[in-house]
Amino acid sequence: MCGIVGAVAQRDVVEILVEGLRRLEYRGYDSAGVAIIDGDQLNRVRRVGKVSELSNAIAETPVLGGTGIAHTRWATHGEPNEKNAHPHVSGENIAVVHNGIIENHGPLRKRLQEEGYVFASDTDTEVIAHLIELELKTSDSLLEAVQKTRKQLEGAYGTVVIDRRDPSRMVVARSGSPLVVGLGIGENFIASDQLALLPVTQNFMYLEEGDVAEITRQTVRIVDINDKEVTREAKVSDVTHDAGDKGPFKHFMMKEIHEQPEAITNSLEGRITETGVVTETFGAGANELLSGIEHVQIVACGTSYNSGMVARYWFEEIAGVTCQVEIASEYRYRTSVVPKNALFITLSQSGETADTLAALTKAKTQGYASTLSICNVPGSSLVRESDLAFMMRAGVEIGVASSKAFTVQLVGLMLLVLSIAKHRGVDEAIIANIVKGLRELPGQIQQSLSLEPVIEALAEDFADKHHALFLGRGSQYPIAMEGALKLKEISYIHAEAYAAGELKHGPLALIDSDMPVIVVAPNNDLLEKLSSNMEEVRARGGQLYVFADKNAHFEAGEGLKLIELDHIDDALAPILYTIPLQLLSYYVAIIKGTDVDQPRNLAKSVTVE
């Protein structure tokens, strides 16, 4: 969840490191820092808050050097303050940055204190620095010391180490937290995300689980988990997005909301025909693997879990296969039974979500017919470790609250549903009709974005609210869940979602004039039932905000504010109805004055449990 950048070069690397942190700030923004080797000195600058605070400090007191490491933090151990900011040091020589959590830091800290080491922070990371300094006393190299240290650590970590006495190299270790090597000419780099290094290289080498690497200006030496020297394939990235460019928009989130038509168009390109889906979209051998699937297990977290919940309705209604959806952090720790001919699906924007990766590792030992990931980041751990993969092509998403990644994820899931449906003999006309709807979807989303001024005005009603209730039925229930999640994420209003039929079973007790109730109401078979649920709210003085199909024939009036959307086929309605809920959460957050792109306590890529 934190961001790491490192470099070893002949030129001054401070600006490269700080720019890399800016590009990774979506991963953590509690504090930031750099450590630079300048001649025989190890200089360290750290500041609480965003990367701009660190940049200002460096401008006031410049530091120079060709070897350095940098970090932007999302706090786990120890509150956000300067003493807990990375990099952490041991003595005058060793500096370390670290992503992840060292689970056995308590006993390690105690042992190191008995050895005479004094801790200056409350973090688990400082344990790594002191352990490496201790192991160096009996090691021939920094690489050997890091290898020895790695074997003592329990938990997840991506860590980079430099030693003041040898500025020609840095050593990195990966266990559960991603690291990518950036390859240059006479210089090399390390980062937790290739996005940080795009200004300096397009050539990358992805470290695998358990790897330790020694990186110099000219070489990259990698040792695997068994201490055997290995090579990892270098790849050229085709990512060209400038993460720092918001264009005409005030926030990344709004930019990404407006990018959804283009993102969906890009995701569909070459993957659908006039009447069907190109099954090889999901990887070599997908056609054969998917032909025998009788059950689907989806595992995900957060917004991705909500998309999986939508897909459950699709798999069972359209493809006729049973589908279960589970939160990854629950799945990985419980005993589960695997049905025959089951496909295990993981969903993750980053492809590095720790709980989802752990669930995949478990699933690969349980007898699933195959594993498939739907992901936005080529080369991510989830993609590499799955049998099949659907690359979303949504483009880089910076805003912590996901928008375009959610809708593109739903598109990928629908393509998968249709691919399995074809193998199960579903009427080709049904599949062709949904494919036609997918082709028209970007235009319908573009039209829904024209509701922005109406929704901006509507958001004023939420200025003094502290709670909100979202209602939906059928496949719109998970969309209500996603709407509630977005509102709480960026406006800090407590929001809950319920299947509308559950109102009588408890939530109705909450309804009064201070509880706004947001309803998603496409024109489908459940509309009459949903209308009855809405009347239950109005009868108790509740204020309804209804996002409805124009053909549903609702009328605005006392207790009901109406926002009408164009008609869309029921199968794809969940994707379209997401858009106005994203806009609503955005404008409520603006009114509340919160940080839209970097909401408190949250980070974009959750790489720890």
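Only strands (runs of 3 or more DSSP E) whose full extent lies in the range 189-266 are considered here, and the ones with at least 1 residues that are farther than 30 Å from LYS436 by Cα and among the basic types (Lys, Arg) are 220-223, 234-236. Of the residues making up the range 16-31, not one is assigned to a strand (DSSP E or B) and modelled with pLDDT of 95 or more. Taken together, the residues in the range 353-377 that are in contact with a strand residue (DSSP E or B) (Cβ under 6 Å, 6 or more places away or on another chain), in contact (Cβ under 8 Å) with a residue 40 or more places away in the chain and not small (Gly, Ala, Ser) amount to 5. Checking each residue in the range 351-377 for being of a type in the set (S, T, N, Q), over 25 Å from ILE102 (Cβ atoms) and under 17 Å from the mean Cα position of the chain (by Cα) picks out SER373, ASN376. When the range 579-601 is filtered for residues that are of a type outside the set (Phe, Trp, Tyr), assigned to a helix (DSSP H, G or I) and under 21 Å from PRO261 (Cα atoms), the ones remaining, listed by number, are ILE579, PRO580, LEU581, GLN582, LEU583, LEU584, SER585. Residues considered: LEU449, LEU438, LEU415. Of these, the only one that is at pLDDT 95 or above, in contact with a His (Cβ under 9 Å, 6 or more places away or on another chain) and either of a type outside the set (Val, Ile, Thr) or part of a helix (DSSP H, G or I) (or both) is LEU449.
Counting residues in the range 488-497 that are touching a Pro at 6+ places or on another chain (Cβ under 6 Å) and over 27 Å from GLU440 (Cα atoms) gives one or more. Restricting attention to the range 523-565 and to residues that are in contact with a strand residue (DSSP E or B) (Cβ under 8 Å, 6 or more places away or on another chain) and more than 29 Å from ALA509 (Cβ to Cβ), the residue that is surrounded by the most Cβ atoms within 10 Å (Cβ to Cβ) turns out to be LEU565.
If you go through the range 393-408 and pick out every residue that is at pLDDT 90 or above, within 13 Å of the chain's Cα centre (by Cα) and not small (Gly, Ala, Ser), you end up with 2. Please go through the range 502-524 and pick out each residue that is part of a loop (DSSP other than H, G, I, E, B) and either free of Cβ contacts under 8 Å to residues at least 40 places away in the same chain or in contact with a Cys (Cβ under 7 Å, 6 or more places away or on another chain) (or both). GLY506, ASP512, SER513, listed by residue number. If you check GLN152 against the conditions, is it part of a loop (DSSP other than H, G, I, E, B) and under 21 Å from LEU207 (Cβ atoms)? Yes, satisfied.
For the range 158-195, a residue qualifies if it is under 20 Å from HIS88 (Cβ atoms), under 27 Å from the mean Cα position of the chain (by Cα) and surrounded by fewer than 24 Cβ atoms within 10 Å (Cβ to Cβ), and the qualifying residues are SER175, GLY176.
Of the candidates ALA35, ALA70, the single residue that is at pLDDT 95 or above, surrounded by 24 or more Cβ atoms within 10 Å (Cβ to Cβ) and more than 18 Å from VAL181 (Cα to Cα) is ALA35. Tell me, yes or no, whether the range 330-341 has at least one residue that is within 25 Å of GLY474 (Cβ to Cβ) and either of a type in the set (Gly, Ala, Ser) or not in a loop (DSSP other than H, G, I, E, B) (or both). Yes.
The values are calculated or read from the model by the stated rules, or taken from the named source; none is laboratory data. Everything numeric in this text was worked out from a predicted model, so none of it was measured. Please note: Cβ atoms are built from the backbone with ideal geometry, for glycine as well, and neighbour counts cover all protein chains shown.
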